[in-house]
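Reading through the structure tokens given below for one structure.
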Amino acid sequence: MRTFRLMLALGITAGLVSGAWAAPDLGRELGLPANAAAAMRSIDAERIRAHVRFLSDDLLEGRGTGTRGGDIAAKYIATQFALDGLKPAGDNGGYLQKIEFTGVQTLPATTFALAPEHGGALDLKLGADYVTNNQTQTDNVDVDAPVVFVGYGIEAPEYGWNDFKGVDVKGKVLLVIVNQPPSKDPKFFKGEAMTYYGRWTYKFEEAARKGAVGVLIIHRTDLASYGWSVVRSSWSNEQVYLSNDSEPKLKAASWIQLEVARQLFAAAGLKLDDMMATAGTREFKARDLPVRFKAHIVSKVRKFVSYNVLGLLPGADGGNASQAVVYSAHYDHLGLDPSMAGDNIYNGAVDNGTGVGVVLELAHAFAASSVHPPHTVLFAAVTAEEKGLLGSNFLGKHLPMAARRFALGLNFDAIPPIGVPESVNVTGAERTSFYPVVEKTAKAFGFDIQPDAEPGAGHYYRSDHFSLARAGVPAFSINTGMKFAGHPAQWGKAQSDEYTAKHYHNPSDEYSPAMDFSSNASLAKFGFVLGWQALLAKGTVNWLPGDEFEAARPHSPNAP
């Protein structure tokens, strides 16, 4: 029955009576104009496939930020927007929004050592034992500083938690644990769900604000939700920063392997397991370790530009939007690694050729519709997501209209092209007043809403909707859940685990003709309908009272 309802909702053809069966009641059920429902049904999996195939071609060399391949991708997306007839929403009457960046590539001449008071120094190997980057963006920097263990490196007054209490960290190197204190209490660091305090970006930002010169994040696969290979591949490439950023920066923003941390604690006469366990309790106290951190970091620094790509479809309101909608996806990936033998191109077919393919198909469907939406729709393909959500960060601060005039942001990132989904993941939607609409729409599509399968991984803070949320726009990502038509319940989880283990942030994330983009088309249709309902709503969407993003959003779209 569920499969039939899904076919009905999506307009998938079926040989019933006299030909194809299209869903005649979906628009009425969800309040869409008939022409809008027809536009939704026109969404085509094969057009999405074509976009993904091109964007993940070796020609684009992994779409690295600020590289030739990344620029080709941006111009391809801009061309598609132009073909659809979208209004340019970038700089100088074009589709491209220019962003100035500084790239910092750590070079092999870099050296790291941990020198305990007693015993010989522990020399570490770049890539195998640690990764690092000089955020101060200079060619060379030297660090010779004491190490202080600050647990999770978090100061969170709302939870009564301060890992920095009683210790001066200025001029020191902080040893911190990835993620956040373990909890099952939803009122304490949201229980098993990660807050922003658990993200590595927060740890670097907070340490720099407090005057530290470096950070060593202890990697642990179960806490990070990804293995060391992901850390190594991500940080072995050039790290990118927004130019002219006045925020404090670290000389050594670093990760270390768990076994390196074990040796470090042993050199201080301590046991890693004991220290990590204590760090998760209120009895924890930061402590200086009898170990000095010594590093010579050599970097290649370059200034460059990259681009967000913005296309706008004015609404029937004439562009005076009070509740616009923005669809987003990042088009960048990791580029190529010249030091790697064999296949060294990170093609990024799934991550995130699929998301861009969905946004391009949504733009095509909206633009081709014979009825204009009541308010403006913005389509945004952003750069530098893999460098820390930098493109969407810039977009959130430089939207074509004030953030308060956006009712909703829907983001698409790494959608597995593996067939028709029977469940969806919309983590973060429950934090908004729009969630009842999401529930009703999912039911109409025959989708179960699946809770975040890995709440401790902090997925909400790891994609571009987060940047829009920080700017005040109620936003979340749409992805498949783990249930797929024609497969047993555990099949989807097995596919997800295999992708994470073998292909995520690896050169093997490549396009294959065997990919089934019906999943992407299904979610595009779902996102199309959600966007239309936000556009048709009598009032704009808001964060629920008490949400961490509530303060960033005026409740009235007409607020000054």
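The values are calculated or read from the model by the stated rules, or taken from the named source; none is laboratory data. The model shown is predicted, which means the values in this text are computed figures rather than measured ones. Here the Cβ positions follow ideal geometry from the backbone for every residue, glycine too, while neighbour counts run over all protein chains shown.
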Checklist line | Count of residues meeting criterion [surrounded by 21 or more Cβ atoms within 10 Å (Cβ to Cβ) and under 18 Å from the mean Cα position of the chain (by Cα)] in the stretch 201-216 | finding: 2
Notebook entry, point to check: Does any residue of the stretch 308-318 turn out to be touching a residue at least 12 places away in the same chain (Cβ under 8 Å), charged (D, E, K, R) and buried (at least 20 other Cβ atoms within 10 Å of the Cβ)?
Noted result: no
Item checked: Selection from the stretch 504-516 of residues that are surrounded by 18 or more Cβ atoms within 10 Å (Cβ to Cβ) and among the hydrophobic types (A, V, I, L, M, F, W, C) -> M515
Notebook entry, point to check: Just for strands (runs of 3 or more DSSP E) wholly inside the stretch 116-202: which have at least 1 residues that are at pLDDT 95 or above, outside the structural domain of T427 (by TED's automatic domain parsing) and of a type outside the set (A, V, I, L, M, F, W, C)?
Noted result: 122-124, 130-133, 140-149
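Residue by residue through the stretch 231-288, note down the ones that are among the aliphatic types (A, V, I, L, M) and farther than 23 Å from N134 by Cβ.
L258, A266, A267, A268, L270, L272, M275, M276, A277, A279, A286
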Notebook entry, point to check: Would you pick out the residues in the stretch 374-386 that are within 12 Å of R63 (Cβ to Cβ) and in a loop (DSSP other than H, G, I, E, B)?
Noted result: T383, A384, E385, E386
Next item on the list: For S328, indicate whether it is touching an Asp or Glu at 6+ places or on another chain (Cβ under 6 Å) and under 25 Å from S370 (Cα atoms).
Entry: yes
Next item on the list: Kindly provide the set of residues from the stretch 305-327 that are at pLDDT below 95 and not aliphatic (A, V, I, L, M), ordered by number.
Entry: P314, G315, D317, G318, G319, N320, S322, Q323
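Among the residues of the stretch 160-189, write down those that are surrounded by fewer than 19 Cβ atoms within 10 Å (Cβ to Cβ) and within 21 Å of V213 (Cα to Cα). If you could, list the steps in order and put the result at the bottom.
Of the stretch 160-189, the ones surrounded by fewer than 19 Cβ atoms within 10 Å (Cβ to Cβ) are 160, 162, 165-168, 170-171, 182-188.
Selection gives N162, K165, G166, V167, D168, K170, G171.
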Margin query: Quick check on the stretch 512-519. Is at least one of its residues of a type in the set (D, E, K, R), closer than 28 Å to R63 by Cα and at pLDDT 95 or above?
Written below: yes
Note to self: Looking at A109, A128, A115, A145, can you tell me which residue is in contact (Cβ under 8 Å) with a residue 12 or more places away in the chain and more than 20 Å from L250 (Cβ to Cβ)?
What the structure shows: A128
Note to self: Please go through (1) part of a loop (DSSP other than H, G, I, E, B); (2) touching a Phe, Trp or Tyr at 6+ places or on another chain (Cβ under 8 Å) for P108 and return the number of the only condition it doesn't satisfy.
What the structure shows: (2)
Item checked: Residue, farthest from the chain's Cα centre (by Cα), within the stretch 154-200, restricted to residues that are within 26 Å of D245 (Cα to Cα) and among the hydroxyl-bearing types (S, T, Y) -> Y197
Check: Counting only residues that are modelled with pLDDT of 95 or more and not in a loop (DSSP other than H, G, I, E, B), which one in the stretch 336-351 is surrounded by the most Cβ atoms within 10 Å (Cβ to Cβ)?
Finding: Y346
Notebook entry, point to check: Which one of these is buried (at least 23 other Cβ atoms within 10 Å of the Cβ) and outside any strand (DSSP E or B): V260, V231?
Noted result: V231
Notebook entry, point to check: Say we look at the stretch 520-560 and pick out the residues that are under 23 Å from the mean Cα position of the chain (by Cα), at pLDDT below 90 and over 30 Å from H333 (Cα atoms); which of these is surrounded by the most Cβ atoms within 10 Å (Cβ to Cβ)?
Noted result: R553
Check: Looking at (1) of a type outside the set (D, E); (2) under 30 Å from G269 (Cα atoms); (3) in contact with a Ser or Thr (Cβ under 8 Å, 6 or more places away or on another chain); (4) buried (at least 19 other Cβ atoms within 10 Å of the Cβ), which is the one condition that is false for G127?
Finding: (4)
Margin query: Looking for something without any contact (Cβ under 8 Å) to a residue 60 or more places away in the chain and out of contact with any Gly (no Cβ under 9 Å at 6 or more places or on another chain) - is there at least one such residue anywhere in the stretch 525-538?
Written below: yes
Margin query: Looking for something over 15 Å from the mean Cα position of the chain (by Cα) and of a type in the set (V, I, T) - is there at least one such residue anywhere in the stretch 404-415?
Written below: no
Note to self: Contact list please: Cβ distance under 9 Å, first residue in the stretch 196-216 and free of Cβ contacts under 8 Å to residues at least 40 places away in the same chain, second residue not in a loop (DSSP other than H, G, I, E, B), pairs at least six apart or on different chains.
What the structure shows: none
Margin query: If I ask for residues that are of a type in the set (A, V, I, L, M, F, W, C) and more than 29 Å from the chain's Cα centre (by Cα), which ones from the stretch 125-153 would you list?
Written below: V141, V143, A145, V147, V148
Notebook entry, point to check: What about F284, is it surrounded by 14 or more Cβ atoms within 10 Å (Cβ to Cβ) and closer than 20 Å to A208 by Cβ?
Noted result: no
Next item on the list: Kindly establish whether A494 is closer than 30 Å to S233 by Cβ, aliphatic (A, V, I, L, M) and without any contact (Cβ under 8 Å) to a residue 40 or more places away in the chain.
Entry: yes
